[in-house]
1. Please give the contour-minus-distance gain from ILE84 to THR50: 0.36 nm per residue of separation, less the Cα-Cα distance, rounded to one decimal in nm.
2. Calculate the spin-label point distance for ARG28 paired with ARG9, positioning each point 7 Å from the Cα along the beta-carbon direction, and give it in nanometres.
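Every number in this text was worked out from the coordinates using simple rules, so none of it is lab data. Since the model is a prediction, treat every value here as computed from it, not as a measurement. Here the Cβ positions follow ideal geometry from the backbone for every residue, glycine too, while neighbour counts run over all protein chains shown.
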Amino acid sequence: MAENLAAYRNDFARIEKKIAGEFDAGKRRRVLAGLVFLLAIGLMLPLTSTQWSWTALADWFGGDAPVSMPLRMFVTLATVFGVIVSSIALMRRSWRLASAAMLGCGLGSLFGLFGYWSQAGMIVDGPHAPGIGMVLAWVSMVALTSQWLPVVLSRSPTDTHERPPLIRSGLYDASTRRSR
């Protein structure tokens, strides 16, 4: 019997490695897909009173529209990590892509906050206030970050690494790994 399984050992190891690199989002998968869709809608709406997201991306290196650099960074990060990487991660169920999406969405959320502040405080003659698209896209990025976090922190059922023990105010003895 062992000889029969030895021929398949490499196949089993390859399949186990593939499964260990995937995640199962469960019901969270629909929420993530909905948030990606909501983000795409937010990026299609006007970001400011005078600027759309695609014009902010097209005028990256010196446009005439009053758009700050943090807002351009936000639009870029939202497009790349919020829409593209998140969509690919949901389709392929890859933990590496999910962690890249989580980190990119987190960084994009930070730039979204800076972009909102910079647009709201910009001194220009024309209207430049943040629009509904910016607010919707920023809230979607924050929600995407919060939804990707549990997926990335979850563990594979085939992962055999032991989790670190919990230490609770002297009630746990780490040397014997038993509660008192």
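1. 9.7 nm
2. The two pseudo-label positions are separated by 3.6 nm.
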